[in-house]
1. Mind checking which pairs have a first residue in the stretch 97-120 that is farther than 24 Å from Y35 by Cα and a second that is hydroxyl-bearing (S, T, Y), Cβ under 6 Å, 6 or more apart or different chains?
2. Out of the residues in the stretch 70-96 that are aliphatic (A, V, I, L, M) and closer than 19 Å to Y9 by Cβ, state the one that is modelled with the highest pLDDT.
3. Would you point out the residue of the stretch 129-142, among those that are free of Cβ contacts under 8 Å to residues at least 12 places away in the same chain and surrounded by 13 or more Cβ atoms within 10 Å (Cβ to Cβ), that is nearest to P109 (Cα to Cα)?
4. Any idea which of I176, I149 is aliphatic (A, V, I, L, M) and surrounded by fewer than 18 Cβ atoms within 10 Å (Cβ to Cβ)?
5. At least 3 residues that are buried (at least 19 other Cβ atoms within 10 Å of the Cβ) and under 13 Å from the mean Cα position of the chain (by Cα) in each: list the strands (runs of 3 or more DSSP E) lying fully within the stretch 24-116 that qualify.
Amino acid sequence: MIDFKTTLYVDTGYRPSTGSFGKPKLSESDLNNKYSVNAWFDCRELWHSHLYNLNLFFYTHKTNAGKNIATFISKVEDILGLKNRTKFGPTQRKTIMWIEPSKWWTKPPMRRSLFTVLLRSAVAYSIEPDNFEEALFSSFYANKTKPAIEWFLKGNTVYCGKKTGWFKQFEESTTISLAKLLVPEVR
């Protein structure tokens, strides 16, 4: 279950396009959870280096779609059995939400890359009707790496390769390469 209640206030300076990532900067007076975003990133691959160890970021979406996105990512984290979960909430803008990503996603570079792919897929998700499977592979990057995402969601979440981009690594993967590159996490 997601808690989508705490509203943060964000001053964007302009209207970023849907699917953009914003790195927050606390305003001088942080008493009212006010943040500013000096730069928005449309390209998810450029965003990866900023996402490393980031405690909070903003994400743009279609009007009032924040709960759908939060629910979609929550379903992914349910499938993976994550204990430390990503948190989400609204801003005063109906097209911008805040996200506190789980460290599970932000530490390893390949998971960061996949997380951004999943966020792009999440914009196609609707709670009613629950179109999770359809939305999961709705984005270009997810569709082109479908076998790798399916393998990952089966618990093979540790990446053993050298590349850092999900799409670059898994665009043309085979079952044999998936078994070598993504292995189960030892707990």
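The values are calculated or read from the model by the stated rules, or taken from the named source; none is laboratory data. As the structure is a computational prediction, the values presented were derived from the model and not from experiment. Backbone-built Cβ (ideal geometry, glycine too); neighbour counts: all protein chains shown.
1. From the stretch 97-120, the pairs are P109/T164; M110/Y159; V117/Y141.
2. A70
3. Checked the stretch 129-142; the qualifying residue nearest to P109 (Cα to Cα) is E134.
4. I176
5. Of the strands (runs of 3 or more DSSP E) lying wholly inside the stretch 24-116, those with at least 3 residues that are buried (at least 19 other Cβ atoms within 10 Å of the Cβ) and under 13 Å from the mean Cα position of the chain (by Cα) span 57-60, 96-100.
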